[in-house]
C-alpha cells in the first residue's frame with residue numbers, strides 16, 4: 001500500500017513539473033523574441049516620461065519665481081509711469097495772449113515834442129525787454145491766480161528834459177478799469193538802448209527814443225472774462241480812453 005502511494009505521489013509531481021516547464025520557457029522566449037522596434041519604443045517612452053517630468057519641474061520652479069517677484073512688487077507698491085508726453089509738459093503760460101488793440105494808438109503831447117505810440121496790449125505772466133541779456137531781466141508773476149496786462153510801445157522825446165513814464169509823477173500815466181468800476185494801477189519800465197535790460201529809472205532821456213512797458217497786475221479771472229476792459233492813458237492833463245474789450 002505504501003509503495004502504491006509513493007508511486008502516485010511521484011507521478012503527480014512529474015505532471016506538475018511538466019506543466020510548469022513550458023510556461024516558463026514560453027515567457028522566456030517572449031522576452032528573448034522581443035523585436036528591436038519594441039525595445040526602442042519602450043526606451044523612447046521612458047525618455048519622454050523623464051522629459052515630461054523635467055519640464056513639469058521647470059514650470060513649477062518658474063511659477064514659484066514669478067510668484068515671488070509679484071509678491072515682492074506688491075509689497076513695494078506699484079511703480080507708475082508718466083502718461084504725459086514731453087510736449088505736454090512744456091509750459092506755454094509765458095506766451096502772450098492775442099493783441100487786444102486793433103492797431104497802433106498814437107498820443108502826442110506838447111505838439112510833437114513827445115510822441116507816445118502804443119503797439120500792443122496783451123495778457124501775460126512775464127514782462128521782459130526786446131533783447132534780454134538773460135532770464136533775470138524778466139518780471140514774472142508767480143501766483144497762479146494773477147496775470148499781467150502788458151502794454152508795449154515807444155516814446156519819442158524831442159525835449160531837452162527827461163520824460164518820466166508811469167507812476168504817480170509820470171508825464172505818461174495809466175489806469176486800468178474793469179467792468180466799468182474796478183480800477184487797477186500798474187508799473188512802468190523803460191528799456192536800455194540795446195534792449196538788453198530795463199533802465200534803473202522809468203524815464204526817457206532828452207532827445208532819445210526808447211521802448212517802454214506798462215504792466216498792471218490783475219486777477220486771472222479778468223483775462224478770461226468777456227466784461228468791458230478799458231485802458232486810461234494820461235498825458236499831462238489830457239486823458240485818453242482806449243477800449244480793450
Worksheet item: Full extension from residue 179 to residue 160: what is 0.36 nm times the residue separation minus their Cα-Cα distance, to one decimal in nm?
Response: 2.8 nm
Practice prompt. Work out how much length residue 208 to residue 245 would gain on full extension: take 0.36 nm times their residue separation and subtract the Cα-Cα distance, in nm to one decimal.
Written response: 10.1 nm
Fill in: Viscosity 0.692 mPa s, temperature 37 °C, Stokes-Einstein D of segment 105-243 from Kirkwood C-alpha radius, µm²/s
213
Worksheet entry | Relative contact order, percent, segment 105-243 [alpha-carbon distance under 8 Å, six or more residues apart] | 26
Discussion item. Using a 7 Å offset from Cα along Cα-Cβ at residue 238, what residues in segment 122-162 end up with backbone N under 20 Å from the label point?
Written reply: 152-162
Discussion item. Suppose the chain between residue 110 and residue 146 were pulled fully straight at 0.36 nm per residue; how much longer would it get relative to their current alpha carbon spacing?
Written reply: 9.3 nm
Worksheet item: By per-residue mean of other Cβ atoms within 10 Å, what is the highest-first order of 189-198, 116-125?
Response: 116-125, 189-198
Worksheet item: If we sort 211-218, 130-137, 159-166 on the protection proxy, mean other Cβ atoms within 10 Å, highest first, what's the order?
Response: 211-218, 159-166, 130-137
Practice prompt. Take the Cβ-Cβ distance between residue 225 and residue 139 as r, set R0 to 30 Å, and report the resulting FRET efficiency rounded to the nearest 0.05.
Written response: 0.80
Worksheet item: Each label point is 7 Å from the Cα along the Cα-to-Cβ direction; what then is the distance between the points at residue 97 and residue 196, in nm?
Response: 3.5
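Where a number appears in this text, it was derived from the coordinates with a stated rule and is not lab data. Keep in mind it's a predicted model, so treat the numbers as computed, not measured. Cβ sites come from the backbone with ideal geometry, for glycine too, and all protein chains shown count toward neighbours.
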